[in-house]
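Trainee: Got a structure here, written out as structure tokens. Questions coming.
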């Protein structure tokens, strides 16, 4: 078994057709599964990296948190 990740621009007519075809195949064939995933954007990825490296800010209140920004 292998896993393939495909990014499909659903604004394209051909991409919509391909996605529909894959969805129909997954309904009839149990060997095909579709996982809908949302990938984080670059801002979120940077924030996650900062948190892993310990570059975080602590605040005792919401007001203090906004003052840090």
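Trainee: Cβ-Cβ under 8 Å, sequence separation 6+ or interchain: first residue in region 35-53 and not assigned by TED's automatic domain parsing to the domain that holds residue 6, partner modelled with pLDDT under 95 and part of a loop (DSSP other than H, G, I, E, B). Which pairs?
Mentor: From residues that are not assigned by TED's automatic domain parsing to the domain that holds residue 6, the pairs are 48/40; 50/56.
Trainee: Can you tell me which condition residue 54 does not meet? The list is (1) on the phi < 0 side of the Ramachandran plot; (2) surrounded by fewer than 10 Cβ atoms within 10 Å (Cβ to Cβ), and all the others hold.
Mentor: (1)
Trainee: While we're here: I want to confirm something. Restricting to region 1-33 and keeping residues that are in a loop (DSSP other than H, G, I, E, B) and at pLDDT 90 or above, which single residue is nearest to the chain's Cα centre (by Cα)?
Mentor: Applying the filter and picking the extreme gives 11.
The values are calculated or read from the model by the stated rules, or taken from the named source; none is laboratory data. Because the structure is a prediction, the values reported are computed rather than measured. Please note: Cβ atoms are built from the backbone with ideal geometry, for glycine as well, and neighbour counts cover all protein chains shown.
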